[in-house]
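The values are calculated or read from the model by the stated rules, or taken from the named source; none is laboratory data. Model, not experiment: these values are computed from the prediction. Neighbour counts are summed over all protein chains in view; Cβ atoms, including those assigned to glycine, are modelled from backbone coordinates with ideal geometry.
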Amino acid sequence: MTIRDNLAFGLKLRHIPKAQIETRVKEAAAILDLSRYLDRKPRELSGGQRQRVALGRAIVREPAVFLMDEPLSNLDAKLRVETRANILRLHQRLNTTFVYVTHDQIEAMTMGSRIAVMNEGRLQQVGTPQELYDRPINRFVAGFIGSPAMNFATVEVAGTGDAIALQGSNITVPLPPQFRESIGATGRQLIVGFRPEHLVLGPITGATATVNAKAEVVEYLGNEELIHASGAGRDIVAVIDSSYKVRPGDMLELKVSLARIQVFDPDTNFALPFGPAA
């Protein structure tokens, strides 16, 4: 079938009047920039254009809700970016609810106004992209949201009073004020999490945690470098400014603001509850 017939197919099955079908097809084609291709066959279109035809078949039915199940999974990287932007524009133009299923957390973060994170059929957390990024409810959500994934390190509660710290192999974390009420007794084992993009080489304002690590692999990305290092008893990933020119074998003192630290219970994997900052 031609693109015009593809777009009209569902409406014909519902016995919509011909004039109304033609109006809806033209409107959908205009929205998706397909008007010039209506007399072509799908085999004459690019992958991204075919995806727009599939969207058009849904649009002409004027649904209350769109369900999209991995719509970009078969496209190459460039087309995924282009089609992602097209779907966002479409959502803004139609002002209709989209339920979008994806395994790609970048798609979820960039497209979703609310995200439901699922693992093995169980709902883990629902919230805005910002909420899931800043306050993940457990280690699964913390590790899934963000690219590269969050770093985790095992630490032990040490010290007393105002001198409490979370200490592990090559990592020292003064007690983050937001966890003061839930950190527990001295000697308790905990998991701390910190994102690669929050690690800093050089001076940083405010209270900080310190991670000592040895650079093993450096991926140059132009304006930044992706550092794979050994420290804190495991592999650490850091995203830093490329002006530091880190090389494999360099010893690094990485710092992260305490406000960016997440703390998890190793038995339940749930994040410790936030309390009022001291």
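If VAL246 passes every condition in (1) assigned to a loop (DSSP other than H, G, I, E, B); (2) in contact with a His (Cβ under 9 Å, 6 or more places away or on another chain); (3) β-branched (Val, Ile, Thr) but one, which one does it miss?
(2)
Scanning for something exposed (fewer than 13 other Cβ atoms within 10 Å of the Cβ), free of Cβ contacts under 8 Å to residues at least 60 places away in the same chain, touching a Lys or Arg at 6+ places or on another chain (Cβ under 9 Å) and acidic (Asp, Glu), does segment 75-85 turn up at least one residue?
Within segment 75-85, none of the residues are exposed (fewer than 13 other Cβ atoms within 10 Å of the Cβ), free of Cβ contacts under 8 Å to residues at least 60 places away in the same chain, touching a Lys or Arg at 6+ places or on another chain (Cβ under 9 Å) and acidic (Asp, Glu).
Counting only residues that are surrounded by 15 or more Cβ atoms within 10 Å (Cβ to Cβ) and either of a type outside the set (A, V, I, L, M, F, W, C) or in contact with a Phe, Trp or Tyr (Cβ under 8 Å, 6 or more places away or on another chain) (or both), how many does segment 62-74 have? Full working, then the answer.
Just the residues of segment 62-74 that are surrounded by 15 or more Cβ atoms within 10 Å (Cβ to Cβ), to begin with: 66, 68, 71-72.
Filter again for either of a type outside the set (A, V, I, L, M, F, W, C) or in contact with a Phe, Trp or Tyr (Cβ under 8 Å, 6 or more places away or on another chain) (or both), leaving 66, 68, 71.
Count: 3.
Scan ARG61, ARG43 and give me the residue that is in a loop (DSSP other than H, G, I, E, B) and either of a type outside the set (Ser, Thr, Tyr) or at pLDDT 90 or above (or both).
ARG61
Would you pick out the residues in segment 35-49 that are closer than 20 Å to ASN74 by Cα and touching a residue at least 24 places away in the same chain (Cβ under 8 Å)? Give the steps one after another, and end with the answer.
Filtering segment 35-49 for residues closer than 20 Å to ASN74 by Cα gives 41-49.
Scanning segment 35-49 gives LYS41, PRO42, LEU45, SER46, GLY47, GLY48.
Considering only residues of segment 219-243 that are crowded, with 20+ Cβ neighbours inside 10 Å and in a strand (DSSP E or B), which is modelled with the lowest pLDDT?
Filtering segment 219-243 for residues that are crowded, with 20+ Cβ neighbours inside 10 Å and in a strand (DSSP E or B), the one modelled with the lowest pLDDT comes out as GLY231.
Right, PRO148: surrounded by fewer than 18 Cβ atoms within 10 Å (Cβ to Cβ) and part of a loop (DSSP other than H, G, I, E, B) or not? First the steps, then the outcome.
Details: surrounded by fewer than 18 Cβ atoms within 10 Å (Cβ to Cβ): yes; part of a loop (DSSP other than H, G, I, E, B): yes.
Yes: the conditions hold for PRO148.
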